[in-house]
Every structure is written in C-alpha cells, then in structure tokens.
1. Kindly indicate whether Gln285 is more than 21 Å from Arg162 (Cβ to Cβ) and in contact with a His (Cβ under 8 Å, 6 or more places away or on another chain).
2. Would you check if Ser183 is hydroxyl-bearing (Ser, Thr, Tyr), more than 23 Å from Val254 (Cα to Cα) and surrounded by fewer than 20 Cβ atoms within 10 Å (Cβ to Cβ)?
3. Counting just the residues of the stretch 291-314 that are at pLDDT 85 or above and of a type in the set (D, E, K, R), which one comes out surrounded by the most Cβ atoms within 10 Å (Cβ to Cβ)?
4. Considering the stretch 107-133 alone, what residues qualify as being touching a helix residue (DSSP H, G or I) at 6+ places or on another chain (Cβ under 9 Å) and farther than 18 Å from Ala311 by Cα?
5. So in the stretch 2-55, with the set limited to residues that are without any contact (Cβ under 8 Å) to a residue 40 or more places away in the chain and among the β-branched types (Val, Ile, Thr), which one is nearest to Asp75 (Cα to Cα)?
6. What is the residue count in the stretch 105-141 for residues that are closer than 12 Å to Val254 by Cβ and of a type in the set (Val, Ile, Thr)?
7. Which is of a type outside the set (A, V, I, L, M) and modelled with pLDDT under 95, of Thr171, Thr250, Thr217?
8. Just to verify a result, which residue in the stretch 148-162, among those that are touching a helix residue (DSSP H, G or I) at 6+ places or on another chain (Cβ under 7 Å) and not in a loop (DSSP other than H, G, I, E, B), is farthest from Cys268 (Cα to Cα)?
Amino acid sequence: MSPDASKSTCWVISDGAAGNERQARALAGALGLEPRVLQLRLSQPWNWLSPHLTLGAQSAMRDEGGSPIEAPWPDIAIGCGRKAALLTRCLRRWSAGRCFTVQILDPRTDPRHFDLVVTPKHDRLVGKNVIETLGALNPVDDEWLSRGRESFRHLGAFPSPRIGVLIGASTGAVRLDDDYFRSLVSMLGEQHARHGGSFLVSTSRRTPPLMASRLRTEFSRWPGLFWGGPQDGENPYAGILAWSDRIVVTPDSVNMISEACATGKPVCAFGSERVTGKLRMFQSQLGSAGFLVGSLSGDTVQALRETPEVAALVGKRMRTRT
C-alpha cells in the first residue's frame, strides 16, 4: 500500500441506504480519494446473517448492476452499515491483509474483524481499533457551504431570518405523528409572527407523501421555499444549510442533525423529548456539548466537524501499520 493514503485505490461500500453511503463517501473524500462506490446486494441467507456468515460469501455478493465482487482488491475499503460490514470484513481476509478495512457504525460483530471501526459514542462500542465520534460523518465544511450558497444564490433573496426546516419521518425511536407536525408548524408560525423572515423547507425520501403535501399547504402561508422531491426541481439541501440563519430539524435522523450542526449555526431538534434509546442519548450528548440549542433563540458557538479528524486518524493508521 502507498504510504500516501490519497494515492490509494478505494471502495466505498453500502447497502444503498443514502445515509450510510453518504458517511462512507464523506470519509473517502476527506482522505482525498476517488472511490469506486459499490451498493452491495446479498442473496439469502447471507443477507439475513450479515456480517456473521462468511463461508461462501463471495458467491452471494453482487454490486447494484449484478456484477460479481472480484479482485483486484482495493488498498482501502470503507463500509457503512451491517450488510456492508460483511464485504468489508471479507476483504481483509481475501486480500491477505493488504486491503485496509474501515467500518463505519457498529458492525454488529467484534471490531477485531476490521482494521478500524468508526462509530458514534451512543453505540457504546469498545475496542483498541475503535474511533468514537459524537455524530455522523459528513462532507459539510466551509467550502461545501460556499458551493451551496453559490449554486442556490436565489435563496439569499428570501427575507431574514431565514429558518431552514429539515423534515424526516417516524422511526423506531421516535413517532412523528399529526400532533407533532401541528406543534412544529405552530411553533414556527409564532416565530414568524414575532420576527418575520422566511422558511426554507426540505422533506426527505422517508417523509410520507400525504404529510409532505399537508406541510406544503401549511408553509405556503409564509415566504420561502418548499422542496418535496424532484418535482420541485434540483434538491436545494446544500443551499438550505448554507443560506439559513437558524435550522430546525425533526429529531429522527443522526445524519440530518449532524449535518445541520456542522454548519455552526443554531440548530434546534424540535421534539427531542419524544426520542428514546440511543437516539435520545445522541441528542443529549450534542446538547451538553453545545451543538444543539433548546429553542430558536439559542446560539451555537462552534461547528460539529469530525470528519477531517477521523480522516487524519485513518491516514495515520494506514501509514504506520505493520
């Protein structure tokens, strides 16, 4: 392997989940790599038993185009998610240790099967090769935000304060029902009555279409932008984060909250008291560290940007391993 990580060949591996792929891409980008992005498909029973069943795994693996997973193996493999962990784990053995393997998020198996595991503190994973973060890895930095401002300059014409509103959906850890969204809209309406301004709203692919339609109608009362999918044109997500003065996020997504906090602007996870389990721990840790505010009147003093530090640790470990 080259001593310069940026000259290494790289695979980014995910199960196709956008949040998982985004984290792995962000780390590869911070390492200066141009990766092959591989969305892994597994046949049964490997799909059910991933990442534990390794016997015969290569025959069970295909990329999104249906091609088999074959050598030459990369210098570094970055996987994110349980299914990706099967291939990341196998690559270490198939390459006789020449492929440096990095698994993002708890792989649901012993960390010793990988060279490094990068996981948030709320996963409570312990190991000599475990790198802990507060939030999710992401590409948001000053340059990324500058490009967002340039690409979506028209958002700057909306009146200030511009409130970014990022909408997700219910998960196993939090229920976002009709009452929740009524409370959210009511809070934002009171904010507008006091301070004016505009709302830059984006739903996610997980947001139920009926709820997205209702929210579109609600936000039509105020100045701003509502993006509910490709029918509304190019996704302005980067522009929303770049042009917003403050950001309100639904409390269901570690990725979405982490990226909002990476802007260095005041971020409120509305309804965080509804959250349970690891997601609640994550938001409590962010609040204690000053990255989340309790209301839109609070101030954030620093940006949550962990990806460059993690990349530096990965690069150092690649260079120094024997």
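1. Taking the combined requirement at face value, the residue satisfies it.
2. no
3. Per the criteria, the residue is Glu306.
4. Of everything in the stretch 107-133, those that are touching a helix residue (DSSP H, G or I) at 6+ places or on another chain (Cβ under 9 Å) and farther than 18 Å from Ala311 by Cα turn out to be Pro107, Arg108, Thr109, His113, His122, Asp123, Arg124, Leu125, Val126, Gly127.
5. Val37
6. The number of residues fulfilling the criteria is 2.
7. Residue meeting the stated conditions: Thr171.
8. Ser151
The values are calculated or read from the model by the stated rules, or taken from the named source; none is laboratory data. What you see is a predicted model, and the numbers here were worked out from it, not measured in a lab. Neighbour counts are summed over all protein chains in view; Cβ atoms, including those assigned to glycine, are modelled from backbone coordinates with ideal geometry.
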